[in-house]
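Enquirer: Sharing a structure with you now.
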Amino acid sequence: MSEVKRSLLEAVNLALHRAMAEDENVLVLGEDVGINGGVFRATAGLRDSYGFKRVIDTPLAETMIAGLAVGMAAQGLKPVMEIQFLGFIYAAMEHLVSHASRLRNRTRGRLSCPLVVRSPMGAGIRAPEHHSESTEALFAHIPGLRVVIPSSPARAYGLLLAAIDDPDPVVFLEPTRLYRMNPQPLADNGQRLPLDCCFTLREGSDLTLISWGASVVETLQAAERLAEQGVSAEVIDVATIKPLDLATLEASVRKTGHCVIVHEAPRSGGIGAEIAASLYERVLLDLQAPIQRVTAPDIPPPLYRLEPLYIPGVEDILAACDLVLHYA
Amino acid sequence: MPHLPIDLPFTRYLDAAGQVVRELPAWAADGQLLVRLYRQMVLTRLFDQKAVALQRTGRIGTYAPTLGQEAIGVAIGSLMQPRDVLVPYYRDTAVQLLRGVSMREIFLYWGGDERGSAYASPAAAEDFPLCVPIATQALHACGVATAFKVRGEHRVAVTTCGDGATSKGDFLEALNVAGAWQLPVLFVVNNNQWAISTPRRIQSGAPSLAQKAIGAGFAGEQVDGNDIIAVYDRLQVALERARQGKGPHLLECISYRLGDHTTADDATRYRSAEEVKQAWLAEPIRRLQRYLADQGLWDEQQEQALITECQAQLQEAVDGFEQTPAQDWSSVLEHVYAQWPAALAEQREWLAERAARAAGGEHE
Ligand SMILES: Cc1ncc(C[n+]2csc(CCOP(=O)(O)OP(=O)(O)O)c2C)c(N)n1
Ligand SMILES: [Mg+2]
């Protein structure tokens with residue numbers, strides 16, 4: 001099968017096409033997903049291929065979209081709902097938190113909710129207010145939800161297909177900053193990637209760098225810079241932030257004894273805190289320095305003029321690495 | 001679509017060609033008032049063009065044009081009193097300008113600078129900033145109106161939204177509470193026929209959006225949103241009623257979004273050039289211009305003078321915007337809480353370091 005270069009956005013689109021072709025129960029619903037193919041074009045071409053009964057332009061109402069998806073999923077359909085931006089998901093929260101996440105548990109498995117919520121996330125595209133949030137931790141806090149964030153075209157493709165297969169609700173967040181960045185060869189072979197599993201993107205022995213989403217880009221760049229200085233950094237893309245693959249993280253940190261966690265979301269209550277706490281529980285005596293977090297500050301994403309301050313940069317990551325490596 | 005027997009008033013005085021189709025209201029005899037409304041619509045349109053041009057050259061970010069819907073905002077802004085409160089959405093440049101929000105502030109907001117919502121104008125002091133999460137503002141307006149009512153003040157909260165917004169729970173919940181409590185709130189729906197790519201007919205099975213008020217226990221009506229005489233007239237009545245404590249009202253202004261949804265959108269993907277061409281024939285500025293010309297109140301020379309005057313004003317605003325120094329890095333912390341918490345003091349320190357690294361060590 002040919003390996004055309006594809007962006008993360010194209011990978012999402014390809015996975016949706018593949019999932020709809022493979023299973024007629026899969027349907028896509030949301031605002032502007034049909035004729036417009038989504039405001040980012042993630043759903044482009046789906047309506048032409050699968051028709052308006054399976055690719056549904058809804059009225060403008062997120063509560064309704066999420067509530068509908070719960071009902072559809074309980075009926076055995078596999079709704080892939082799109083929330084146009086993560087900043088507009090809050091009206092859907094009640095259905096995700098009080099229903100989708102626990103329908104299986106409430107009915108002792110009689111009903112379930114195999115829906116997928118797709119939503120663009122994150123800062124860095126000069127977007128207007130409310131279009132730049134990284135609130136993944138809100139969802140990760142909810143028992144019964146899975147939260148997946150791809151950071152490459154290949155992972156977007158394989159993880160989205162896996163998310164659609166999954167028998168439980170999955171929140172699938174797509175970093176807008178990566179949508180069109182750095183296309184990579186990708187075969188449309190239907191190959192799933194495992195959920196609940198970290199991906200080690202670069203092996204190293206001196207330091208573990210843990211990240212997910214758009215920050216993976218700067219984290220890899222930092223690792224490259226460290227390599228130039230003779231420091232061997234391991235880079236792990238968490239990918240599924242709920243539930244966490246602690247085994248992989250633990251093994252890496254045991255090996256390196258040094259750990260820096262990088263995320264774009266604000267610091268307090270972020271998933272970095274969850275990872276750090278879990279690592280301290282397991283590897284305290286193997287650590288040669290306290291774990292450091294490189295995050296956004298606890299502020300709303302600034303409008304775009306000052307947005308660069310919000311997003312952790314390579315230099316910020318390197319400064320944290322320096323601190324960890326030279327801790328005495 | 002099933003037509004239910006709810007027959008709401010629809011008001012139009014000037015047709016698309018600027019011809020009077022029914023007897024004008026008494027106030028419209030004031031030619032100078034009509035000229036003022038006309039001038040303001042032209043200013044709004046030229047501002048809009050400038051904003052789009054600034055976006056296209058990377059000097060501001062995404063912008064939501066008000067092209068074709070100037071009559072609605074100009075009528076609202078002209079009729080609201082300074083003590084009323086505006087609870088707007090993102091397509092309200094026209095109203096903002098009349099609330100005294102400066103052009104420079106509007107450019108700053110869309111140009112990615114929070115000071116664009118800080119409004120120096122006294123008339124806008126209590127106005128809400130532009131609301132982006134659709135329809136949520138409708139409830140805020142009800143809260144503002146409740147405050148007026150609790151304090152026995154003769155003020156009105158005016159809130160705007162699009163046709164798409166009327167599908168949201170927030171909008172319907174706002175109508176419900178406004179009716180239940182007879183709040184001094186006015187809902188103005190800018191029905192521009194599109195919610196990004198979603199046409200009005202997909203949005204709701206209701207023949208009109210105005211009739212949603214009926215279910216909430218108060219009156220709704222439609223006007224030709226491209227006929228400023230109609231919008232102004234019906235708005236004036238509704239505002240006065242609300243001010244006298246006679247309760248809420250919903251005005252659905254039938255208009256058309258002549259531009260893309262925002263500068264980030266490409267409307268040719270989902271609607272025909274023919275539809276847009278037809279809609280241009282009914283746009284609001286041309287028809288008032290024709291009427292004024294027929295009345296001998298406006299001529300080509302005045303038109304040219306107005307454009308020159310507006311362009312000068314715009315250029316001054318653009319210069320002011322471009323000469324506004326960027327906010328200091330610390331501004332991102334300044335207004336998150338009344339005071340940045342001592343408990344988060346460490347974050348100020350590392351943010352200072354981050355800013356210094358970003359600036360290549362220019363700062364301390
Ligand atoms: C809660 C929410 N969902 C989605 C969006 C994304 N969005 C921005 S504008 C828009 C369409 C709004 O249409 P309408 O209410 O008709 O107003 P118009 O833009 O046409 O004036 C959408 C879906 C949003 N801003 N807020
Ligand atoms: Mg609209």
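The values are calculated or read from the model by the stated rules, or taken from the named source; none is laboratory data. The model shown is predicted, which means the values in this text are computed figures rather than measured ones. With ideal geometry, Cβ positions are generated from the backbone for all residues, glycine too; neighbour counts draw on all protein chains shown. Areas reflect the complete protein model, heavy atoms only, side chains present, ligands, DNA and RNA absent. Shrake-Rupley method; radii C 1.70, N 1.55, O 1.52, S 1.80 Å.
Enquirer: Expressed as a rounded percentage, what relative contact order does chain B have, with Cα pairs under 8 Å and six or more residues apart?
Expert: 22
Enquirer: Would any residue of the range A:260-301 have its amide N under 17 Å from a label point 7 Å out along Cα→Cβ of A:Ala251? List them or say none.
Expert: A:279, A:282-283
Enquirer: Moving to a separate point now. For B:Lys246, give me every one of the lysines with a C-alpha distance below 20 angstrom, ignoring sequence neighbours fewer than eight places off in its own chain.
Expert: Correct list for B:Lys246: B:Lys149, B:Lys212.
Enquirer: I would also like to ask the following. Taking each pair of distinct Cα atoms in chain A once, what is the resulting Kirkwood hydrodynamic radius in Å?
Expert: 20.1
Enquirer: What is the Rg over Rh value, at two decimals, for the range B:10-322, using alpha-carbon atoms and the Kirkwood definition of Rh?
Expert: For the range B:10-322, the value is 0.94.
Enquirer: Also, I was wondering about something else. Compute the acute angle (0 to 90°) between the alpha-carbon long axis of helix B:345-358 and the principal axis of greatest extent of the alpha-carbon atoms of chain B; round to the nearest 10°.
Expert: Approximately 90 degrees, to the nearest ten.
Enquirer: Show me, for the range B:72-78, the HN-Hα J-couplings you get by feeding each phi into the Karplus relation (A = 6.51, B = -1.76, C = 1.60, θ = phi - 60°), rounded to Hz, glycine and proline as x.
Expert: 5, x, 5, 5, 4, x, 6
Enquirer: Let me ask something else. Residues of the range A:75-90 that become at least 20 Å² less accessible with every protein chain present than in their own chain isolated, using 1.4 Å: which are they?
Expert: A:Phe88
Enquirer: Label-point separation (nm) for B:Ala180 and B:Asp30, each offset 7 Å from Cα along Cα-to-Cβ?
Expert: About 3.9 nm, to one decimal.
Enquirer: Then there's this: For chain B, find the longest principal axis of its Cα atoms and tell me its angle to the long axis of helix B:136-150, 0 to 90°, nearest 10.
Expert: Orientation of helix B:136-150: about 80 degrees from the principal axis.
Enquirer: Would you compute, from DSSP H runs of 4+ residues alone, the mean residue ellipticity of chain B at 222 nm, taking -39500 (n - 2.57) per run and dividing by the full residue count, rounded to the nearest 500?
Expert: -14000 deg cm²/dmol
Enquirer: For A:Lys53, go through the lysines and keep the ones whose alpha-carbon is under 18 Å away, minus same-chain ones fewer than eight residues off.
Expert: A:Lys78
Enquirer: Keeping all protein chains in place, calculate the accessible area per residue for the range A:199-325 (probe 1.4 angstrom), answer in Å².
Expert: 35
Enquirer: Using θ = phi - 60° and the Karplus relation 6.51 cos²θ - 1.76 cosθ + 1.60, list the HN-Hα couplings for the range A:206-215 in order, rounded to whole Hz, with x at every Gly or Pro.
Expert: 9, 7, 9, 10, 10, 8, 7, x, 4, 5
Enquirer: Straight-line reach from B:Lys50: which lysines fall under 27 Å, measuring Cα to Cα and dropping same-chain residues less than 8 apart?
Expert: B:Lys277
Enquirer: Let me ask another. Skip the ligands, DNA and RNA, and give the accessible area per residue of the range A:1-117 with a 1.4 Å probe, whole Å².
Expert: Spelled out: the 1.4 Å probe surface of the range A:1-117, per residue, equals 41 Å².
Enquirer: Hey, what angle do you get for helix B:31-56 against the long axis of chain B, alpha-carbon based, 0 to 90 degrees rounded to 10?
Expert: Taking the Cα atoms of chain B, the angle to B:31-56 is about 40 degrees.
Enquirer: So, for chain B, what is the accessible surface per residue at a probe of 1.4 Å, expressed in square angstrom?
Expert: I get 41 Å² per residue for chain B.
Enquirer: Under 14 Å from the Cβ of A:Thr63, count the other residues' Cβ atoms, weight Lys and Arg +1, Asp and Glu -1, and hand me the total.
Expert: With Lys, Arg at +1 and Asp, Glu at -1, the net is -4.
Enquirer: Another question, then. With the contact rule set at Cα under 8 Å and sequence spacing of 6 or more, what percent relative contact order holds for chain A?
Expert: 16
Enquirer: One quarter of the convex hull surface, Cα atoms only: what value does that give for the protein assembly as shown in nm²?
Expert: Mean projected area of the Cα convex hull: 33.5 nm².
Enquirer: Work out the FRET efficiency for B:Ala206 and A:Ala273 from their Cβ-Cβ distance, taking R0 = 56 Å, and round it to the nearest 0.05.
Expert: So, using R0 = 56 Å, E works out to roughly 0.75.
Enquirer: For the interface of chains B and A, what total accessible area is buried with a 1.4 Å probe, rounded to the nearest 100 Å²?
Expert: Buried area (both sides, nearest 100 Å²): 3400 Å².
Enquirer: Can you list which of the trypsin sites (Lys or Arg not before Pro) found in the range A:36-83 are DSSP loop residues with at most 13 other C-beta atoms within 10 Å?
Expert: Taking the range A:36-83 and a limit of 13 other Cβ atoms within 10 Å, the loop trypsin sites (Lys or Arg not before Pro) found are A:Lys53.
Enquirer: Describe numerically, in nm with one decimal, the distance between label points set 7 Å from Cα along Cα→Cβ at B:Ala338 and at B:Val150.
Expert: The answer from the label model is 1.7 nm.
Enquirer: Can you pull the percent of the protein assembly as shown's accessible area that's carbon plus sulfur, 1.4 Å probe, other chains left in place?
Expert: 53
Enquirer: Estimate the FRET efficiency between B:Ala359 and A:Gln288 by the formula 1/(1 + (r/R0)^6), using the beta-carbon distance for r and 25 Å for R0, to the nearest 0.05.
Expert: The pair B:Ala359/A:Gln288 has a calculated efficiency of 0.15.
Enquirer: How high is the FRET efficiency between B:Ala312 and A:Asp188 when r is their beta carbon distance and R₀ equals 60 Å, given to the nearest 0.05?
Expert: Efficiency for this residue pair is about 0.55.
Enquirer: Take the alpha-carbon centre of the range B:191-241, take the same for the range A:268-303, and report the distance between them in whole Å.
Expert: Using only Cα atoms to place each centre, the spacing works out to 51 Å.
Enquirer: Loop sites only, by DSSP: take the GluC sites (Glu not before Pro) in chain A that have at most 14 other C-beta atoms within 10 Å and name the longest stretch containing none of them.
Expert: A:25-202
Enquirer: What are the ³J(HN,Hα) couplings of the range A:314-320, residue after residue, when phi is run through the Karplus curve with 6.51, -1.76, 1.60 and θ = phi - 60°? Round to Hz, x for glycine and proline.
Expert: 4, 5, 5, 5, 4, 4, 5
Enquirer: When the helix-only estimate is applied to chain A (DSSP H runs of n ≥ 4, each -39,500 (n - 2.57), divided by the residue count), what is the mean residue ellipticity at 222 nm, nearest 500 deg cm²/dmol?
Expert: That calculation yields -9500 deg cm²/dmol at 222 nm.
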